[in-house]
Amino acid sequence: MSYLSTDEAAQQLGVTPRRVVQLLNQHALDGHRVQRDWLVSASSVRQRQALTAARGRPMTSQTARSLIDALDRDARLPARRADLVRNRDAELLSSAIAHSVVIDTYMTRDPESASERLHLTGESALDRITSLPGEALIGTVREVHGYLQSTSLEELIDDAMLVRSDEGTVHIYRFRDDEFPWAEIPATLIAVDAARSMNSRVRAAGLEALDRKRTRWLARHTR
């Protein structure tokens, strides 16, 4: 795998190095830290270029949720949104949907308290999207990934003693418009969030699950 510096990635994406670091912290770009610097995956930079330059405007949170609902329930979509599913493979589709979701990372001494108040997603809910047990993919050390349930972020920070940190193990997801309309998190959203994981096995499981849903949807809604 080839890597770029944050300055090189910023130049290719047409953004600032600070924005590149934000994208890394949100898992919108792949990379890893070397002391205080980042090495950015060149392939993730190319993928983001394809989304932002070749695919038009970024997907809104409302559009992303409508695609998630349609794929999860095999429901019809308006023509323009249907084209978003038809014209993108699972990898591009997951990246486009993931763009509408941001992730904040926290440290805590009480991860169980945080976990109980979240709709678990990604690698924290792999059993929903794959026949393999989650620990078979990522081992026994598991981080917490989830969307807020019926509590505010401020309440969760106080109750679970969360401290904002890029090196934390509690990852709180939210749509950019702060809406989460589901009583239970859709399996399609779990797959999308798994597909943005830094763990290659988790990412592969997410992409495979999303591809199955996309293939089934296309079979039923494409003449």
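What the table shows:
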| item | result |
| --- | --- |
| Residue in the range 118-148 that is nearest to Asn199 (Cα to Cα), counting only those that are in a helix (DSSP H, G or I), charged (D, E, K, R) and modelled with pLDDT of 85 or more | Glu123 |
| Pick from the range 22-37, criterion touching a residue at least 24 places away in the same chain (Cβ under 8 Å) and crowded, with 22+ Cβ neighbours inside 10 Å, ranking: nearest to Leu4 (Cα to Cα) | Gly31 |
| Any hit, the range 1-22, residues being among the charged types (D, E, K, R), touching a strand residue (DSSP E or B) at 6+ places or on another chain (Cβ under 9 Å) and at pLDDT below 85 | no |
| Subset of the range 186-205 that is of a type in the set (Ser, Thr, Tyr) and modelled with pLDDT under 95 - its residue that is nearest to His119 (Cα to Cα) | Ser197 |
| Residue in the range 27-41 that is part of a helix (DSSP H, G or I) and either more than 21 Å from Ile172 (Cα to Cα) or at pLDDT below 90 (or both) present | no |
| Residues of the range 77-97 that turn out to be touching a residue at least 60 places away in the same chain (Cβ under 8 Å) and either part of a loop (DSSP other than H, G, I, E, B) or within 16 Å of Ser44 (Cβ to Cβ) (or both), as a count | 8 |
| Residue count, the range 179-196 (criterion: more than 25 Å from Ser41 (Cβ to Cβ) and either assigned by TED's automatic domain parsing to the domain that holds Leu24 or part of a helix (DSSP H, G or I) (or both)) | 1 |
| Qualifying residue in the range 179-192 (condition: touching a helix residue (DSSP H, G or I) at 6+ places or on another chain (Cβ under 9 Å) and among the small types (Gly, Ala, Ser)) | yes |
| Options Leu93, Leu120: the member that is of a type outside the set (Phe, Trp, Tyr), in contact with a strand residue (DSSP E or B) (Cβ under 6 Å, 6 or more places away or on another chain) and surrounded by 14 or more Cβ atoms within 10 Å (Cβ to Cβ) | Leu120 |
| The range 149-178: number of residues that are aliphatic (A, V, I, L, M) and either assigned to a loop (DSSP other than H, G, I, E, B) or in contact with a helix residue (DSSP H, G or I) (Cβ under 6 Å, 6 or more places away or on another chain) (or both) | 4 |
| Number of the exception - Asp74 against (1) surrounded by 15 or more Cβ atoms within 10 Å (Cβ to Cβ); (2) touching a residue at least 40 places away in the same chain (Cβ under 8 Å); (3) not assigned by TED's automatic domain parsing to the domain that holds Thr188 | (1) |
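The values are calculated or read from the model by the stated rules, or taken from the named source; none is laboratory data. What you see is a predicted model; the values in this text were computed from it and never measured. Cβ coordinates were reconstructed from backbone atoms using ideal geometry, including for glycine residues, and neighbour counts include every protein chain displayed.
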